[in-house]
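Below you'll find the structure, written out as structure tokens, and then a few comments.
The values are calculated or read from the model by the stated rules, or taken from the named source; none is laboratory data. In this text the structure is predicted, and so the values were computed from the model without any measurement. In this analysis, Cβ positions are derived from the backbone assuming ideal geometry, glycine residues included, and neighbour counts consider all displayed protein chains.
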Amino acid sequence: MVIDYSKKEIEKTILVGLATDSRRKKETIDSLDELAALAISAGVEVVSRRVQVRPKPSPAYYVGKGLVAELKEQLADGGGNCVIFDDPLTPAQQRNLEQALDAKVIDRSILILDIFASRARTAAARLQVELAQLEYTLPRLTGAWVHFSRQYGGIGAKGPGETQLEIDRRQVRKKIAHLKARLKKLDTQRSIQRKKRQALYKVALVGYTNAGKSTLFNYLTKARVETADMLFTTLDSTSRVMSSGYPCRIIFSDTVGFIKKLPHQLVASFKSTLEEVTHADLLFHVVDCTDPNVEEQIVQTRSVLVEIGAADIPTLLIYNKIDQAPAFCPNNGYSEPVYFISALQAKGIAALQAEIIARSEQHFIKI
Ligand SMILES: Nc1nc2c(ncn2[C@@H]2O[C@H](COP(=O)(O)OP(=O)(O)OP(=O)(O)O)[C@@H](O)[C@H]2O)c(=O)[nH]1
Ligand SMILES: [Mg+2]
């Protein structure tokens, strides 16, 4: 997919992260790499990156005043018009930074929410993203800063003045209640659909964003879900029933990927999309073995699985992209069975299919 730059003015942005001590600098640098990928996904240009070593964020500015002054100078010299921080900023930090830097200031959560908002296609995904944005905004409605969805002025837009504050809060709460009611209706439809699927063996593909879930899903089901070397290509769940080659009907579901520091409002509002995962009989935890941070990505994916209540579902750990040089080979520290595949070159898939056959047969003997 090609990013449509025509739709919005391209921000030139500086990325900023904190490392609690100098030994953790590498972690922060890696995290900024991922933040840069997110920024590019959102159509933003990264002009520079700054890492500050600091045991704790400053309550007023997140980073120290010295760095604030340097950033201001850099921005004034034409080195960007936006600063993205790698951690969630408090409303006060966000406001202070915006005043001090006289530039747009956003954080990783807003960036992720913004990407979701621009990619959401189905009615359910749109509702879920809007709900997450409003939930994120509500405690931050301070009169100095309002982040609505892009229809109200884009990421980090300045909001109305103090006098409007109460009206805004009331409106946001009302809108939240309205969205929740609409999502509940969709939930009811989904649960009817789910009941119909009880006789099927359910396999859900989960994993870090860009791991290759949709590529594997397409191969297994002959579907044509969009795939791209970009974060958060998939937002909606897609399911396909397959029977040929299996002893019973198997339903595969592809769904949204996970990422480090995923705003919990998003996890909460995507609950119904993620129900495909929580109701699965088997999870394919797909990982990109060429990514140097693959171990961390496994940990992050597992923690989202815990958050959505899917931690106890039998899981296969699937190392994808073995056609490229792996950055990491698993040691024996994992409890899940490990498979090595290339979804792109259709390598190693037969072993996965054999495992599905064995497990689905077992499953229907048991019930
Ligand atoms: N070399 C190689 N590339 C792969 C393989 N599988 C997927 N890819 C590529 O990895 C990128 C991401 O693949 P997707 O299938 O879109 O990944 P995803 O996990 O669905 O990503 P999101 O929907 O964004 O969470 C695409 O450019 C794929 O072509 C593989 O086995 N080998
Ligand atoms: Mg995908």
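Anything in segment 236-261 that is within 10 Å of ligand 1 (Cβ to nearest atom) and in a strand (DSSP E or B)? List them, or say none. Of everything in segment 236-261, those that are within 10 Å of ligand 1 (Cβ to nearest atom) and in a strand (DSSP E or B) turn out to be Asp254, Phe258. In segment 49-102, the residue that is modelled with the highest pLDDT out of those that are small (Gly, Ala, Ser) and in contact with a strand residue (DSSP E or B) (Cβ under 7 Å, 6 or more places away or on another chain) is Gly64. The condition of being on the phi < 0 side of the Ramachandran plot, in contact with a Ser or Thr (Cβ under 9 Å, 6 or more places away or on another chain) and either assigned to a loop (DSSP other than H, G, I, E, B) or among the polar types (S, T, N, Q) (or both) holds for only one of Thr233, Thr290, Thr301, that being Thr233.
List pairs: first residue in segment 221-232 and within 29 Å of Tyr246 (Cα to Cα) and of a type in the set (S, T, N, Q), second residue modelled with pLDDT of 90 or more and more than 11 Å from ligand 2 (Cβ to nearest atom) anywhere in the structure, Cβ distance under 8 angstrom, at least six positions apart or on different chains. Partner pairs satisfying both residue conditions: Thr221/Arg240; Thr221/Met242; Thr221/Phe252. Restricting segment 216-235 to residues that are among the polar types (S, T, N, Q) and more than 8 Å from ligand 2 (Cβ to nearest atom), the residue that is farthest from the chain's Cα centre (by Cα) is Thr221.
One line per residue, one yes/no per condition, for (1) aromatic (Phe, Trp, Tyr); (2) touching a Gly at 6+ places or on another chain (Cβ under 7 Å); (3) within 16 Å of ligand 2 (Cβ to nearest atom):
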{"site": "Pro247", "(1), (2), (3)": "no, no, no"}
{"site": "Phe252", "(1), (2), (3)": "yes, no, yes"}
{"site": "Gly257", "(1), (2), (3)": "no, yes, yes"}
{"site": "His264", "(1), (2), (3)": "no, no, no"}
{"site": "Val267", "(1), (2), (3)": "no, no, no"}
{"site": "Phe270", "(1), (2), (3)": "yes, no, yes"}
{"site": "Thr273", "(1), (2), (3)": "no, no, yes"}
{"site": "Asp281", "(1), (2), (3)": "no, no, no"}
{"site": "Asp288", "(1), (2), (3)": "no, yes, yes"}
